[in-house]
1. Filter the stretch 157-197 for residues that are assigned to a loop (DSSP other than H, G, I, E, B), within 22 Å of residue 2 (Cα to Cα) and free of Cβ contacts under 8 Å to residues at least 40 places away in the same chain and give the result.
2. Of the residues 8, 19, 74, 43, only one is in contact with a strand residue (DSSP E or B) (Cβ under 7 Å, 6 or more places away or on another chain), touching a residue at least 40 places away in the same chain (Cβ under 8 Å) and in a loop (DSSP other than H, G, I, E, B); which?
3. When residue 142 is evaluated against the numbered criteria (1) farther than 19 Å from residue 47 by Cβ; (2) assigned to a loop (DSSP other than H, G, I, E, B), which criterion, by number, is the only one it fails?
4. Please work out if residue 35 is in a helix (DSSP H, G or I), without any contact (Cβ under 8 Å) to a residue 12 or more places away in the chain and over 18 Å from the mean Cα position of the chain (by Cα).
5. Looking at residue 140 and the list (1) over 30 Å from residue 38 (Cα atoms); (2) surrounded by 15 or more Cβ atoms within 10 Å (Cβ to Cβ); (3) touching a strand residue (DSSP E or B) at 6+ places or on another chain (Cβ under 7 Å), which single condition is not satisfied?
6. What number of residues within the stretch 77-100 are crowded, with 19+ Cβ neighbours inside 10 Å and touching a strand residue (DSSP E or B) at 6+ places or on another chain (Cβ under 7 Å)?
7. Looking at 166, 111, which is the one that is surrounded by 18 or more Cβ atoms within 10 Å (Cβ to Cβ) and modelled with pLDDT of 95 or more?
8. Among the residues in the stretch 43-55, are any under 13 Å from residue 175 (Cβ atoms) and within 17 Å of the chain's Cα centre (by Cα)?
């Protein structure tokens with residue numbers, strides 16, 4: 001299966017390194033233009049700065065084709081900023097403008113809701129369907145899920161707070177599994193993406 005990482009901005013090298021460790025040193029495809037979507041079997045949308053990523057997607061002519069591929073069933077794992085771009089509802093951010101979204105995950109989200117860079121933290125995350133001990137969740141200027149609609153299912157929690165949801169082939173996380181040194185989420189997502197729907 002051809003696996004890609006959206007490579008416009010953000011923690012792209014960290015996702016690439018996590019994936020190379022899982023697939024025997026083979027580098028995933030860097031997705032930067034519409035042609036890079038050809039034959040892709042799964043895609044990772046990294047964290048970074050959601051407004052910047054949205055602007056670069058638009059400027060490169062990738063916003064509409066990528067949105068269409070995701071709507072058509074392309075398996076996607078989106079973290080932090082990537083997750084924001086998939087949300088159906090973004091709550092207003094004081095003094096800031098929200099980026100556009102594809103509106104494909106039935107969640108209400110607020111950007112940077114835990115605070116700025118200095119308020120970043122690591123905390124255990126409980127995962128449904130991923131075996132083993134709690135996952136080391138890395139939260140960096142993380143968005144907060146305010147509500148989960150009927151079109152999405154929670155599968156990751158920080159205490160009682162939802163920090164990850166799924167909807168069909170789309171997985172969205174408010175934290176950064178690629179920074180944890182723990183491959184379980186990447187592996188579980190790739191295993192699910194490889195299964196016939």
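The values are calculated or read from the model by the stated rules, or taken from the named source; none is laboratory data. Predicted, not measured: the structure shown is a model, and the values here were computed from it. For neighbour counting, all protein chains shown are included, and Cβ atoms are generated from backbone atoms with ideal geometry for every residue, glycine included.
1. 195, 196
2. From the options 8, 19, 74, 43, the qualifying one is 74.
3. Answer for residue 142: the failing condition is (1).
4. On the way: in a helix (DSSP H, G or I): yes; without any contact (Cβ under 8 Å) to a residue 12 or more places away in the chain: yes; over 18 Å from the mean Cα position of the chain (by Cα): yes.
Yes, satisfied.
5. Of (1) over 30 Å from residue 38 (Cα atoms); (2) surrounded by 15 or more Cβ atoms within 10 Å (Cβ to Cβ); (3) touching a strand residue (DSSP E or B) at 6+ places or on another chain (Cβ under 7 Å), only one is false for residue 140: (3).
6. 10
7. Only one candidate qualifies: 166.
8. Looking through the stretch 43-55, at least one residue is under 13 Å from residue 175 (Cβ atoms) and within 17 Å of the chain's Cα centre (by Cα).
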